[in-house]
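Engineer: Sharing a structure, written as structure tokens. Questions coming.
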Amino acid sequence: MKIYDVIIIGTGVAGLSGAIHLKKAGKTVLVLTKNQAIEKNNTHHAQGGIIAYRQEDTEEQLVKDILTAGCHYNSTEAVRAFAKDGPKLVFDFLINEANVPFNKNNQGNWDYTEEAAHSIRRILHYEDRSGEAIQTSLIKHAQDLGIEIKSNHTAIDLISNNHHSLDGQERYRQREVMGVYTLNNETQEVITFLSQNVILATGGVGYLYQHTTNNKASTGDGMSMAYRTGADIINSEFVQFHPTSLFHRDIKGFLISESLRGEGAKLINHEGRTFMSDYHPDADLAPRDVVARAIYNEMTNSGKNYMFLDLASYYEGEVPIEKRFTKIFNTCLSVGIDIRTEPIPIVPAAHYFCGGIKVNTEGQTSIKNLYAVGEVSCTGLHGANRLASSSLLEGALWGKYAADSILAKSEFISKERFDSIPLWETPTGDEETDPLLLKQDLNLIQLTMWNYVGIVRDKRGLERAKADLDYHGHRIMKFYKEAPLTRYIIELRNAVISAGIITTSALHNKQSIGCHYRQN
Ligand code: SIN
């Protein structure tokens, strides 16, 4: 059986960056994604942009902005590494190597934009489709390098010596990861992929919530797999809610980028009055957690289900709205909202997971040979609340850090030890799966998380969520053990475990800080 140097699970910016650096250095790399289309992930959906080097900016200023947004709950080591290495990587790797076509202004200079809680315009963008531009360029670069990418392959569980080896002595050794059991979604076959290292780049948890800007694949897979293997997980109570997703019957969870506020847009209530200056001196450009709670508060007090974002009256940019914000303009127009002339109905939605699998500044988890990069990981960069437009860069940078760490290794797992790993044992139960019941299970998780583990939390709600999730969890585990394996059942199992981890952390942390807000 082939033994890879590295298996990477996930094809967003973090996974592909790692893959590219490793492949260029001559490693054998396999990239897996459960999606049919390799670009179907949250990187692709990112709109605003990416923090990049600018001569007028300083490392100290960037450190200060990240720490202020993160309520000083951050890892100062991670923040310093990010401020030192990150902004330049945008030029060295994304622009000069991968050819990402970020926008320039009419004078031919880089068109830096602004978002909340940044003290300087330091964000490069491609219209309002920055993630798509990065993703498209990285996929092309990866394909040109001949990187092996298998789509439609859903990781089930990490393989570890302690859990899986048939050699009894392995259970007494330090735990290490040796590959991943993976379902081929099309053939239903389970494949045993073996490797010296595994990098989890599976993204976040947004799809555990009823309202989210995330795509359907964000079911907490990586965190759940790492948790089952025994990796340390931290800061899981910190789920960031984006203040502005489109509120419309026919379009769910469409992001209305913060860069609209960076270019002048203001939040208004149903009477047309701006309200953010009642909540924070930086008004509409206050940190994201403050803005999301202010909108929630306005909605609760007025009994309305949404507020508005008014770009039409306040836009300050030089490029016409329809060219600067092509995706948002076209999407809104498709449902009859012309953002050039009228305010956009918006509602907060689950957006980004600031917690996750604990990693150091090399992307290493607490388990040997297991790395985590991007949203699934917790580098400590974001602390209690993430600064806007920092996540794509965190993914690209930690992808490189993890690759560098693997390239520096001189110790390898022997072939004999890999030989002790058995093939997957197919469960023999005869449980029938009913897709409607499984869908209902996911809906229940999403409602529970939205209602009780959402923007504003309290003890009673969190306890209720925990009890409900435990109950759903038992039923889902029975399906998982006894029904024929499908991608949906694997995701459901991961979703209920991840939801339980987030809820337990939220219950334990009684202090309101950043995006974890407790009423009691
Ligand atoms: C946005 O465009 O508002 C999202 C940017 C981010 O989440 O960093």
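The values are calculated or read from the model by the stated rules, or taken from the named source; none is laboratory data. Computed from a predicted structure; not experimentally measured. All Cβ positions, even for glycine, are placed from backbone atoms using ideal geometry, and neighbour counts span all protein chains on display.
Engineer: For a quick check of your reading: which strands (runs of 3 or more DSSP E) sit entirely within segment 278-387 and have at least 3 residues that are hydrophobic (A, V, I, L, M, F, W, C)?
Structural biologist: Because the criterion is at least 3 residues that are hydrophobic (A, V, I, L, M, F, W, C), the strands (runs of 3 or more DSSP E) in segment 278-387 that meet it are 307-310, 344-353.
Engineer: While we're looking at this one, here's another question. Checking THR213 against (1) under 21 Å from ALA403 (Cα atoms); (2) within 16 Å of the ligand (Cβ to nearest atom); (3) hydroxyl-bearing (Ser, Thr, Tyr), only one condition comes out false. Which one?
Structural biologist: (1)
Engineer: I'm trying to understand the selection: among the residues of segment 47-92, which are part of a helix (DSSP H, G or I) and under 13 Å from LEU124 (Cβ atoms)?
Structural biologist: GLY86, PRO87, LYS88, LEU89, VAL90, PHE91
Engineer: Across segment 98-129, what is the total count of residues that are β-branched (Val, Ile, Thr), within 12 Å of the ligand (Cβ to nearest atom) and closer than 26 Å to ALA142 by Cα?
Structural biologist: Qualifying residue count for the region: 1.
Engineer: Going by the structure shown, is ARG475 surrounded by fewer than 19 Cβ atoms within 10 Å (Cβ to Cβ) and at pLDDT below 95?
Structural biologist: For ARG475, the condition - surrounded by fewer than 19 Cβ atoms within 10 Å (Cβ to Cβ) and at pLDDT below 95 - is met.
Engineer: For the condition within 23 Å of GLN188 (Cα to Cα) and of a type outside the set (A, V, I, L, M, F, W, C), what is the one hit in GLU463, GLU491?
Structural biologist: None of the other options fit; the residue is GLU491.
Engineer: Here's another thing I want to ask about it. Closer than 27 Å to LYS216 by Cα and out of contact with any helix residue (DSSP H, G or I) (no Cβ under 7 Å at 6 or more places or on another chain) - does that describe any residue in segment 267-281?
Structural biologist: No; the residues of segment 267-281 include none that is closer than 27 Å to LYS216 by Cα and out of contact with any helix residue (DSSP H, G or I) (no Cβ under 7 Å at 6 or more places or on another chain).
Engineer: Please tell me if CYS354 is within 16 Å of the ligand (Cβ to nearest atom) and either within 30 Å of GLN169 (Cα to Cα) or surrounded by fewer than 24 Cβ atoms within 10 Å (Cβ to Cβ) (or both).
Structural biologist: no
Engineer: Name the residue, out of THR331, THR326, that is within 16 Å of the ligand (Cβ to nearest atom), of a type in the set (S, T, N, Q) and closer than 18 Å to THR43 by Cα.
Structural biologist: After ruling out the rest, the residue left standing is THR326.
Engineer: Considering only segment 4-46, state which residues are away from the ligand (no atom under 16 Å from the Cβ) and in a helix (DSSP H, G or I).
Structural biologist: Listed by number, the residues that qualify are GLY15, LEU16, SER17, GLY18, ALA19, ILE20, HIS21, LEU22, LYS23, LYS24.
Engineer: Shifting gears a bit: Condition test on LEU94, is it more than 16 Å from the ligand (Cβ to nearest atom) and either surrounded by 24 or more Cβ atoms within 10 Å (Cβ to Cβ) or at pLDDT 95 or above (or both)?
Structural biologist: no
Engineer: Any idea which of (1) in a loop (DSSP other than H, G, I, E, B); (2) away from the ligand (no atom under 16 Å from the Cβ) is the one GLY253 doesn't satisfy?
Structural biologist: If we test GLY253 against (1) in a loop (DSSP other than H, G, I, E, B); (2) away from the ligand (no atom under 16 Å from the Cβ), just (2) comes out false.
Engineer: Can you spot a residue in segment 234-243 that is more than 16 Å from the ligand (Cβ to nearest atom) and either aliphatic (A, V, I, L, M) or not in a loop (DSSP other than H, G, I, E, B) (or both)?
Structural biologist: Within segment 234-243, one or more residues are more than 16 Å from the ligand (Cβ to nearest atom) and either aliphatic (A, V, I, L, M) or not in a loop (DSSP other than H, G, I, E, B) (or both).
Engineer: Further, regarding this structure: Tell me yes or no: at least one residue of segment 397-416 is of a type in the set (Phe, Trp, Tyr), touching a strand residue (DSSP E or B) at 6+ places or on another chain (Cβ under 7 Å), within 16 Å of the ligand (Cβ to nearest atom) and in contact (Cβ under 8 Å) with a residue 40 or more places away in the chain.
Structural biologist: Yes, some residue in segment 397-416 is of a type in the set (Phe, Trp, Tyr), touching a strand residue (DSSP E or B) at 6+ places or on another chain (Cβ under 7 Å), within 16 Å of the ligand (Cβ to nearest atom) and in contact (Cβ under 8 Å) with a residue 40 or more places away in the chain.
Engineer: Looking at (1) surrounded by 13 or more Cβ atoms within 10 Å (Cβ to Cβ); (2) more than 30 Å from ASP5 (Cα to Cα), which one does SER498 not meet, given that it meets all the others?
Structural biologist: With (1) surrounded by 13 or more Cβ atoms within 10 Å (Cβ to Cβ); (2) more than 30 Å from ASP5 (Cα to Cα) applied to SER498, the lone miss is (2).
Engineer: Any chance segment 335-348 includes a residue that's away from the ligand (no atom under 16 Å from the Cβ) and among the aliphatic types (A, V, I, L, M)?
Structural biologist: The answer is yes; a qualifying residue exists.
Engineer: Could I ask something else about it? Taking GLY146 and the conditions (1) small (Gly, Ala, Ser); (2) at pLDDT 95 or above; (3) more than 22 Å from GLU39 (Cβ to Cβ), which numbered condition does it fall short on, given that it satisfies the others?
Structural biologist: (3)
Engineer: Scanning segment 369-396 for residues that are among the polar types (S, T, N, Q) and under 11 Å from the mean Cα position of the chain (by Cα), which turns out farthest from GLU237 (Cα to Cα)?
Structural biologist: The qualifying residue farthest from GLU237 (Cα to Cα) is SER391.
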